[in-house]
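The values are calculated or read from the model by the stated rules, or taken from the named source; none is laboratory data. Computed from a predicted model, the values in this text were never measured in an experiment. Cβ: placed from backbone, ideal geometry, glycine included. Neighbour counts: every protein chain shown.
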Ligand SMILES: [Zn+2]
């Protein structure tokens, strides 16, 4: 007889069955079981809903923290260089249509059409996307291809490469390590000291004369 619950006005123990009967008016074992199951399910449902709400709020909070409002962020990327990230809309606003096509869509300008292929001025060629220094006029050479060509970047860290299998060719694509903007391709028929030819698009570069 351990089924005791609550207390009556007299201070004595009230049997559980009488408690149900007096407070809720249910004197049927089956109904009591059903009510208990209903209350349990309702509580369980509320806990699940509350849990989902908490999860959603935390996901939104994380997204806000990592994505921000799409402005340039200075978190280091895998190469150790500070990243420069914009939304596609911001890139379109920042770049000319030709620079956007080359830098953001891996386009290639027509040979002999760019503004730097035969330029011989001394200075630094910066990334047309994020203005970081990439190549020096000291490493520029006349490749006869109609594209500005260099034997090496200012340092290995400022550029990144990946294999490009487009147009039924296997080429090494080269991009700015900071903003990931596409610059051109690397070929192994360049002059000393590296034997490499960094074949770039003028539209992906900005020249800064000394
Ligand atoms: Zn860049």
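Remarks
- Scan of region 143-159 for residues that are under 16 Å from residue 188 (Cα atoms) and part of a loop (DSSP other than H, G, I, E, B), ordered by number: 143, 144, 145, 147, 148, 151, 152, 153
- Filtered residues of region 117-135 (kept if crowded, with 16+ Cβ neighbours inside 10 Å and within 16 Å of the ligand (Cβ to nearest atom)): 124, 125, 126, 127, 128, 129, 130, 132, 134, 135
- Selection status of residue 141, assigned by TED's automatic domain parsing to the domain that holds residue 100, touching a residue at least 40 places away in the same chain (Cβ under 8 Å) and more than 16 Å from the ligand (Cβ to nearest atom): yes
- Of all residues in region 165-210, those satisfying the criterion of being in a strand (DSSP E or B) and free of Cβ contacts under 8 Å to residues at least 24 places away in the same chain are 171, 172, 175, 185, 187.
- Contact map, region 118-138: first residue in contact (Cβ under 8 Å) with a residue 24 or more places away in the chain and under 12 Å from residue 153 (Cβ atoms), second residue in a loop (DSSP other than H, G, I, E, B) and more than 8 Å from the ligand (Cβ to nearest atom), Cβ cut-off under 6 Å, separation 6 or more or different chains; pairs are 133/154; 134/153; 135/153.
- In region 107-114, the condition of being buried (at least 19 other Cβ atoms within 10 Å of the Cβ) and within 16 Å of the ligand (Cβ to nearest atom) is met by no residue.
- Selection from region 172-187 of residues that are crowded, with 16+ Cβ neighbours inside 10 Å and more than 16 Å from the ligand (Cβ to nearest atom): 185, 186, 187
- Tally of residues being in contact with a strand residue (DSSP E or B) (Cβ under 7 Å, 6 or more places away or on another chain) and under 15 Å from residue 150 (Cα atoms) across region 168-205: 21
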